[in-house]
């Protein structure tokens with residue numbers, strides 16, 4: 001049985017003061033998701049959140065398939081089912097196969113090779129341990145430039161924030 005979010009969602013269109021922000025969210029996302037209906041309880045936070053995640057999802061050098069791989073992995077590691085399901089269409093659109101998505105859902109990362117395996121190990125280190133071993137970082141440093149490393153790390157950290165927010169607020 002799904003429980004309601006812990007704070008009341010703000011129905012889109014119910015507060016004229018939020019119309020510009022809602023239009024921006026719609027423009028960037030195509031809809032106002034349950035996550036944003038909760039975030040709209042704090043317009044300033046919702047605005048900053050929308051800006052940050054628009055940058056992460058649309059304006060970094062991280063290839064879309066790697067970005068979605070990271071997002072799905074974070075969702076699995078944190079038990080954020082809503083986040084996982086919300087990103088399956090994005091992962092498919094980015095070129096991930098359904099088989100790869102199914103392996104992630106089943107927590108089976110052994111079949112991922114090369115760069116994908118490296119990025120998954122990095123995601124696991126940040127999400128599970130909070131510490132990245134120097135040897136792992138040395139591998140990443142050979143595979144990515146400084147800009148991409150910052151953007152990849154921000155993507156992993158950002159989606160850890162998303163999953164923790166979704167779970168804490170019971171957003172389904």
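Could you tell me the relative contact order of the chain? Use alpha-carbon pairs under 8 Å, at least six residues apart, and round to a whole percent. Intermediate values should be presented prior to the final figure.
Values: 166 pairs, mean separation 51.5, N = 172.
Normalised by residue count, the contact order of the chain is 30 percent.
Classify the chain: rounded, prolate or oblate, from the alpha-carbon gyration tensor (a ≥ b ≥ c, eigenvalue square roots; a/c under 1.5 rounded; otherwise prolate if a/b is larger than b/c)? Provide the component values of the computation, followed by the final result.
Numbers: a/c = 2.01, a/b = 1.69, b/c = 1.19.
Since a/c reaches 1.5 and a/b is larger than b/c, the shape of the chain is classed as prolate.
Quick one: Cα centre-to-centre distance for the stretch 9-33 and the stretch 106-172, in angstrom?
Result: 30 Å between the Cα centres.
Explain nothing, just the number: relative contact order of the stretch 53-113, from Cα pairs under 8 Å at least 6 residues apart, as a whole percent. Display every interim value, and only then the final one.
Numbers: 36 pairs, mean separation 19.4, N = 61.
The value is 32 percent.
Taking the number of other C-beta atoms within 10 Å as the exposure measure, put 155, 97, 60 in order starting with the fewest. Spell out each step's value before the answer.
On the way: 155 24, 97 11, 60 17.
Neighbour counts put them in this order, fewest first: 97, 60, 155.
By the gyration tensor of its Cα atoms, with a ≥ b ≥ c the square roots of the eigenvalues, what is the shape of the stretch 1-82: rounded for a/c under 1.5, prolate for a/b over b/c, or oblate?
On the way: a/c = 2.59, a/b = 1.30, b/c = 2.00.
Verdict is oblate for the stretch 1-82.
Please give the calculated 222 nm ellipticity per residue for the chain, where each DSSP H segment of at least 4 residues contributes -39500 (n - 2.57) and the sum is spread over every residue; nearest 500 deg cm²/dmol? Don't jump to the answer; show the numbers that get you there.
Details: 9 runs with 113 residues, N = 172.
Value at 222 nm, helices only: -20500 deg cm²/dmol.
Of 50, 22, 85, how do they rank once you tally other Cβ atoms within 10 Å and put the fewest first?
Lowest count first: 85, 50, 22.
Just want the ordering: 53, 84, from fewest to most Cβ atoms lying within 10 Å of their own Cβ. Intermediate values should be presented prior to the final figure.
On the way: 53 18, 84 21.
Neighbour counts put them in this order, fewest first: 53, 84.
Classify the stretch 83-172: rounded, prolate or oblate, from the alpha-carbon gyration tensor (a ≥ b ≥ c, eigenvalue square roots; a/c under 1.5 rounded; otherwise prolate if a/b is larger than b/c)? Mind showing how you got there, number by number?
Working: a/c = 1.75, a/b = 1.26, b/c = 1.39.
Oblate.
Values in this text are rule-based calculations from the coordinates and carry no lab data. Source: prediction; values computed, not measured. Neighbour counts are summed over all protein chains in view; Cβ atoms, including those assigned to glycine, are modelled from backbone coordinates with ideal geometry.
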